[in-house]
Structures are given as structure tokens and as C-alpha cells.
Amino acid sequence: MKVAIIHDWLVSQRGGENVLDAICELFPRAELFTLVYVPGQVSSNILRLKRHTSILQKLPGSAQRYRHFLPLMPWAIERFDMRKFDLILSSSHCVAKGVLKRPDAFHMSYVHAPMRYMWDRFDEYFAPGRYSALTCFAARQFRGYLQNWDRKSAARVDHFLANSKFIAERVDQYYGRKAQVVYPFCETGQFARARQPGRNYLMVTALVPYKRVDLAVEAFNRMGKPLLIVGDGPDRDRLHKLAGKTIDFLGALKGSTIADLYSKCRALVFPGVEDFGIVPIEAMAAGAPVLAFGKGGVLETVTSETGLFFDDNSVEGLIAAVENFETKTFDEQACRRRGREFTRERFQGEYLVQLKSHAPSRILSSLETADIALPPA
């Protein structure tokens, strides 16, 4: 049995790559295909597999400018030779689900989001000032082609999984296909330290427009309340200029440092619309409540016991939400229990259930014991 795992690109270890890591752990003899790989950025489970990269890897500046090659990505993903593979497992937020396969092979695709750059997030990704005028013009010119390819290539997938009901609705809307929801996970054991909440609110986020960090900065400027922001990104300089004396940017942090900030924050602030959102899970696992805009995947994870939603995604709306939040009390243990529901073992178990429920019996019967490393019971 030959198993292939496909992921769009490997340039960092974030939520999508953590899901990929868990899939790679389940299939230790699989071969891994990705458009672009940057050494030193991903986990040992991913690195253990035999790896194939695309022709885009050879283009100058691919490690930093891979997104600029978006119009070439459908062509590049279709150049991978999948003829020897019986089982194909894609982890897709861009083009990975469009890989070509033999007619008798089975392809299960885990969708983090349909090609968000070209669908509902187009105006956010290509907002004025984020890219050059030439890049924005090119994006508009190629948008129709990429949407058409994205829609048509969905027919190559035999079974879709989605990381949330929110994304399952997008899969139905854009591809006309049904997707089963298998929620991602966080490594909950990292967040077990004692909680000592202080005055600081916290954001852990990429500094990009759709995360709405600017909204939080302006709201906390007006309130004069302390806000710590963990993360980096192309919006960094603009946001620094907006920030007043109560806003601190801590840069990109990892591991125990972020866990310590979760344990000491008053609450996590989450004003963007996320496909799923690992950060609120981490905060809750650490016992911290979440103050979130009430749209997207966060509606499926945060509950009335573990946080507060606001519907007016404006500076005034966030200020009102913070004032409302400070009149309420949230139980630390309720937060921890909710966060700990989203475990790696649960994800892997549900992922395998979906595979065994939808793959043809001839595929399943060909899987050898060594092909799958079963998760702990």
C-alpha cells in the first residue's frame, strides 16, 4: 500500500502544520509532497517522511515570496506524479486538494479553508497598502481563473473533512460538496501551570489585516487598559505607529513563554474571524476566558461559561464588550475542561474513523499494520 500526504507549503509550524504533524504520525511510511519547503521550520514527525517538493522550490526567493507564485500553484500541484499511490491524504488551505490521482486511488482531503486568498478573504489579503499595486492588479486578473480551478479540482476529492462547521459551509458553498467536521487540537499539556491573572489583556496573532489587531489597539488606546500582543507580520510597523503607551508588542514567541502569558492574562482578546482558531483553545486550556467577535469557528469552541462574544466588530463594540466582560466572572476549571476537549488523540481517532468509514474496502484491506500507527486509546 502506497500512501501520499500532500500539504500546500512548509515554511513554518503553525496550526495547519500541527494538524499535518498528527496525520504524518499516523502514517509513518507515507511520502510527503509540498510545493515549497524551508529547512528548520517544521516538526520531527513531518521531517521523518520522504519528502518531495515542486518546481516552485527552485524559483529564486521561493522561501520568502512563495505566495507571489499563487497563479502557478495549480500547475505545480498537478505536476506531482501520484500514479503509484493508492491512498492520498491532503491537508489543504490553498491548492493541495487539487492533486491528480489514479481513478482507483482514494483521496481524503482535510480542508483548513477553501483557497481563502481568492474567495471570502480576497479584499482583506489584497487590501490597499499590503502589496504593491502590480501585485494587487495581478491578483484581480487571476482571481476568476483560480476560483474556477479551485471549484473544478474539488471533484478529484473522494471525501472531504473540514476543521469546523464554518468551513464545512464554505466547502458546500464553493465546491458543492459535503464535508464532515473533525476539529483540530492543541497540545493541552503545555498549559497546565497555575493561573495567576493580572490586569493585562492578551492577543496571540499574526500581524495581518484580517486579524483586526488595529481594532483592538485603538480600543485599548481609548480605554487606557494594558494589552500585550504576541506575534509578527507585515502589519507590524503600521500597528506600532497606532499603539499608545498601554500597548506592548512582544514579537514572535513560542512554547512556555506563551503558556506563561496565558496563565497571567485577564482574558484573551480575539476580534478577527477565524476558520477555526487554535489560540482560543490554548487560552481556555490555560484557564483563561476569551473575549471574541461572534463569528467563525470560535462559535464552535468558546461557550458562555468560558468567554463572551460581541457582535459589533468596531472599536466602540469592543470597548463595550470589555466593559461588559469586567462585570462578569468566568470559572477557570470550566475553561480548562473546555480547552482539554480538543486533544491530539481525539483528532487522530476521529480522522481514522472518517477514513475507515469512507475509503473502499479494497483500500482498507491493503493497509498493513506498519502503514498506520494507531493513536493511544
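Points worth noting:
- Any hit, segment 72-80, residues being among the acidic types (Asp, Glu), in the same structural domain as Lys152 (by TED's automatic domain parsing), at pLDDT 95 or above and surrounded by fewer than 18 Cβ atoms within 10 Å (Cβ to Cβ): yes
- When Phe33 is tested against the conditions (1) closer than 17 Å to Ser109 by Cβ; (2) free of Cβ contacts under 8 Å to residues at least 40 places away in the same chain, the lone failure is (2).
- Exactly one residue among Glu323, Glu350, Glu300, Glu332 is at pLDDT 95 or above, out of contact with any His (no Cβ under 9 Å at 6 or more places or on another chain), within 30 Å of Met1 (Cβ to Cβ) and among the acidic types (Asp, Glu), and that residue is Glu350.
The values are calculated or read from the model by the stated rules, or taken from the named source; none is laboratory data. What you are looking at is a predicted structure, and each value in this text was computed from that prediction instead of being measured. With ideal geometry, Cβ positions are generated from the backbone for all residues, glycine too; neighbour counts draw on all protein chains shown.
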